[in-house]
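Let me begin by presenting the structure, written as structure tokens, before commenting on it.
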Amino acid sequence: MELTFRIYRYDPERDSEAYYRTYRVEAEPGERILDCLNRIKWEQDGSLSFRMSCGHGVCGSDAMRLNGRCALACQKLVQDYQGEPEILVEPLPSFRVLKDLVVDLEPFFEKVNWVRPYLLAGDSDPQKERLQDPAERKKLDQVIRCILCACCMGACPVVGENEHFLGPAPLVWAFRYIFDSRDQEKEDRLRKVDSEDGAWGCRNHFECTRVCPKEIPVTKSINFIKREIEKVFGS
Amino acid sequence: MGVPFNRNPDGTIAQRAFGGHTRNFGEAPVKRACYAADRTGRVILDTLYGQSVQKGIRVYPELSVMDLVVRDGAVHGVVAYEWATGELHLFHAKAVLVATGGFGKVFKTTSNCFANTGDGAHMVLRHGFPLQDMEFIQFHPTGIHGLGVLISEAARGEGGLLRNRDGERFMERYAPTIKDLAARDVVSRAIMSEIRDGRGIDGRDFVHLDLTHLGKERLEERLSDISSFVRIYLGIDPAAQPIPVHPTCHYMMGGIPTDVDGRVLDAAGYAVPGLYAAGECACVSVHGANRLGCNSLLDLVVFGRRTGRRLLADVAQLPLHEAGGEALDACRERIQRLRERRSGERAAGIRQRMQQEMMERCGVYRTAKGLEEGLDTIRGLQETCRTQLVLDYRGDRYNTDLMEALELESLLGLAEVMLLAAQKRTESRGAHYREDFPERDDANWLCHSLVYRDGAQLRYATKPVSITRFQPKPRVY
């Protein structure tokens with residue numbers, strides 16, 4: 001079937017403002033949107049820039065906005081857009097565009113790093129594994145699916161209004177260590193996100209949960225953090 | 001470090017069965033593979049990322065190394081291209097550790113990322129250093145049909161079964177003791193021979209991986225990522241329907257030869273001053289001719305750590321040179337030449353022809369004739385690349401058109417080495433299967449292969465295998 005793509009184009013060094021360009025592509029219903037974008041780049045227009053690597057939703061590098069919704073181009077298929085007159089392809093909202101669909105992810109990774117995304121277990125390297133009850137480990141089942149693609153950040157209305165808000169993915173990473181029974185810095189971690197720009201910035205729009213390509217209950221996880229803050233420090 | 005491994009009831013790390021994991025050398029399968037659902041690799045990566053954040057390790061994101069700075073046989077740094085600006089950077093260094101991963105993108109069907117183009121290994125080759133055991137290429141038995149996306153061996157570890165068009169559990173015929181959990185090369189060949197004998201599903205080029213008997217709950221808990229891949233890409237519920245699979249290029253046993261401390265070895269077997277390699281791009285040769293599932297972590301974590309320690313100790317004695325201007329100029333000219341060409345053929349078309357050819361000639365089954373023809377084609381494509389390769393975009397910002405053109409040169413260079421090594425080895429061993437020489441031949445071929453560049457020519461040599469505790473013997477499952 002033939003598809004029409006309208007793609008956001010912008011080279012800050014050459015263009016005074018962003019514009020859209022239309023491309024037509026032949027594709028099978030089972031092909032990925034990423035396959036179509038590659039075909040455009042390889043066969044029609046080598047100047048189109050976007051990130052990609054694994055092609056099946058593990059590396060998280062091809063997050064973008066497809067018909068208004070943040071998604072991974074490798075996880076959406078041509079048949080998902082059957083009957084749509086065109087597919088509008090745009091960079092993730094709320095991020096600075098470096099070129100076309102490539103956005104500046106540095107501020108995002110700074111936020112992730114700020115929550116200390118590593119185990120703080122107090123002791124020096126133990127000779128054997130630290131024990132963990134299977135029920136405790138199960139609490140992490142969903143959040144460890146996060147691939148840091150930033151779809152949630154693009155979709156979050158609060159991130160769009162307040163650049164200081166930590167945002168959904170960094171809060172998922174905060175959850176990952178707050179609720180890891182092996183970690184010794186729980187109180188400190190909770191204190192760190194106990195602010196208006198932290199967990200309390202979330203207004204339960206659920207947009208992050210809706211777009212998460214790994215189906216993580218993001219909003220629910222943030223609410224668990226809020227509840228834990230109240231439990232530990234009192235409301 | 002905090003990897004979120006699954007746990008046993010007593011709180012210790014849980015283990016599951018995996019391909020080729022047996023007790024008493026093949027007697028029966030054992031549960032030896034530690035795991036975190038079916039995303040073990042990804043969460044180890046996440047944990048290592050966290051560790052690098054904690055230690056404040058400086059990362060230069062989106063820089064591609066274009067070349068090594070080599071002088072008088074020693075490595076003094078690298079030249080790197082910055083995607084965001086198109087600038088070239090010269091890094092002076094006492095030591096360089098190549099950790100650029102595999103190069104599955106040489107093949108059409110692969111589980112590898114688009115980025116797995118082998119630039120690191122190719123750069124080492126370009127400087128006259130050898131690559132070792134490049135004919136040993138692992139085809140994982142269960143890639144999603146058409147896409148090559150990996151269905152982890154965890155699926156068979158948890159009890160998944162392979163079936164042909166008659167619904168027969170055909171691995172019982174090929175490996176009566178451990179059946180579906182035989183080593184990957186054995187299972188891949190079994191699948192290909194079922195397909196060749198017309199027992200693929202509907203006579204087509206795939207078989208079925210049946211997980212339906214495992215039940216929804218177990219699939220959700222232990223195999224949730226692959227269940228989701230199958231749902232997304234095939235529209236199939238693995239609890240209700242079998243998954244169409246065929247072999248997919250997965251791992252390179254060969255690569256840059258190193259000693260057990262990651263020091264890169266030259267053709268004479270001496271360590272190259274200042275050059276180290278670890279991970280899939282390296283060949284410490286713990287895998288021999290076929291890697292067992294999970295053992296990639298030996299290359300990555302065990303030898304990665306050993307190499308880091310060796311490098312740290314060596315850096316105290318290694319000198320820092322301020323040279324490298326010529327290497328920088330050479331990279332600039334290489335880009336300039338590509339930019340100046342106004343007409344010709346773009347990288348994607350050449351790459352597709354290479355991938356198709358490699359799949360047909362250098363895949364699970366190989367023959368002298370096929371490898372010879374493959375070499376001709378690849379050398380022809382290299383010539384096309386040299387004289388015709390043209391860019392469509394000449395800008396400086398995120399020029400992925402340029403990056404792919406540079407990567408294509410690496411892919412073609414490595415494809416030639418693979419074909420040559422496969423052509424020379426006139427026997428079958430591990431993942432290398434020659435239809436014209438189906439038996440293992442220890443009298444002539446119990447040796448490593450080395451391929452290195454000598455001017456414009458590739459040279460082939462062998463080197464002895466060091467055998468210590470375990471004598472090689474046929475695998476009988």
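Read the figures in this text as sums done on the coordinates, not as results from a lab. Bear in mind that the values here come from a model prediction, so they are computed numbers and not experimental data. Heads up, the Cβs are rebuilt from the backbone with ideal geometry, glycines too, and the neighbour counts pull from every protein chain shown.
Quick rundown of the values:
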item	result
Spin-label pair B:VAL476/B:ALA461, simplified geometry with 7 Å Cα→Cβ offset, distance in nm	3.9
Sites A:ASP188 and A:ASP125, calculated FRET efficiency, Cβ-Cβ separation with R0 22 Å, nearest 0.05	0.55
Packing-based exposure ordering (other Cβ within 10 Å, fewest first) of A:VAL102, B:VAL301, B:VAL417	B:VAL301, A:VAL102, B:VAL417
Listed residues B:GLY370, B:CYS385, B:LEU338: farthest to the positive end of the dipole of the range B:325-390 (Cβ charges)	B:LEU338
Pairwise label distance in nanometres, A:ASN204 with B:ARG337, each label 7 Å out on the Cα-Cβ vector	6.5
For the range A:168-235: rounded, prolate or oblate by the Cα gyration tensor [a/c cutoff 1.5]	oblate
Separation between Cα centres of the range A:1-74 and the range B:136-172, rounded to whole Å	32
Expected-Rg normalisation [2.2 N^0.38 Å, Cα atoms] applied to chain B	0.99
Extended-chain gain in nm, criterion 0.36 nm per residue less alpha-carbon gap, A:GLU161 and A:ARG21	47.6 nm
Set of lysines near A:LYS76 by C-alpha distance (under 16 Å), chain-local residues within fewer than 8 positions excluded	A:LYS214
Three-way shape label, the protein assembly as shown, alpha-carbon gyration tensor, a/c 1.5	rounded
Pairwise FRET efficiency - B:GLU360 versus B:ARG204, Cβ, R0 = 22 Å, nearest 0.05	0.80
Overall Cα dimensions of chain A, principal axis frame, Å, largest first	57, 37, 33
For the range A:105-233: span of alpha carbons on each principal axis (Å, largest first)	46, 30, 28
Diffusion constant of the range B:70-200 at 25 °C, which comes from Stokes-Einstein with the Kirkwood Cα-pair radius and 0.890 mPa s, µm²/s	135
Length gained when the stretch B:GLN241-B:ILE57 is fully extended (0.36 nm per residue, less Cα-Cα span)	61.6 nm
Residues A:ARG189, B:ARG126, sorted so that the one with the fewest Cβ neighbours within 10 Å comes first	B:ARG126, A:ARG189
Length released on extending from B:VAL301 to B:GLU168, taking residue separation times 0.36 nm less the Cα-Cα span	44.0 nm
Pairs beyond 24 Å (Cα-Cα), from A:LYS128/A:LYS192; A:LYS139/A:LYS220; B:LYS424/B:LYS463; B:LYS55/B:LYS105; B:LYS105/B:LYS463; A:LYS138/A:LYS231	A:LYS128/A:LYS192; B:LYS55/B:LYS105; B:LYS105/B:LYS463
Sorted peptide list for B:283-293, B:179-189, criterion being average Cβ within 10 angstrom, highest first	B:179-189, B:283-293
Student exercise, the protein assembly as shown dipole from Lys, Arg, Asp, Glu Cβ charges, in Debye to nearest 20	1380
Within straight-line cross-link reach of B:LYS216, aspartates and glutamates at Cα separation under 16 Å, skipping those fewer than 8 residues along the same chain	B:ASP38, B:GLU158, B:ASP225, B:ASP237
Between the range B:233-310 and the range B:368-404, the Cα center-to-center distance that results, in Å	26
Semi-axes of the equivalent ellipsoid for the range B:139-246, Cα gyration tensor, largest first, Å	20, 15, 12
Relative contact order of the range A:2-103, defined on C-alpha pairs under 8 angstrom at six or more residues apart (%)	34
Options B:ASN290, B:LEU68, B:ALA37, ranked by Cα towards positive dipole end of chain B, top entry (Cβ charges)	B:ALA37
Label-point separation, B:GLU326 to A:SER181 (7 Å along Cα→Cβ), nm	6.3
Cβ-Cβ FRET estimate between B:ASP454 and B:ASP197, R0 fixed at 35 Å, reported to 0.05	0.20
Residue order, fewest to most beta carbons within 10 Å, for A:CYS156, B:CYS294	B:CYS294, A:CYS156
Sparse-neighbourhood loop sites, GluC sites (Glu not before Pro) in the range B:369-447 - DSSP loop, at most 12 other Cβ within 10 angstrom	B:GLU435, B:GLU439
Rg [Å, one decimal], Dmax [Å, integer] - the range B:325-441, C-alpha atoms	17.2, 53
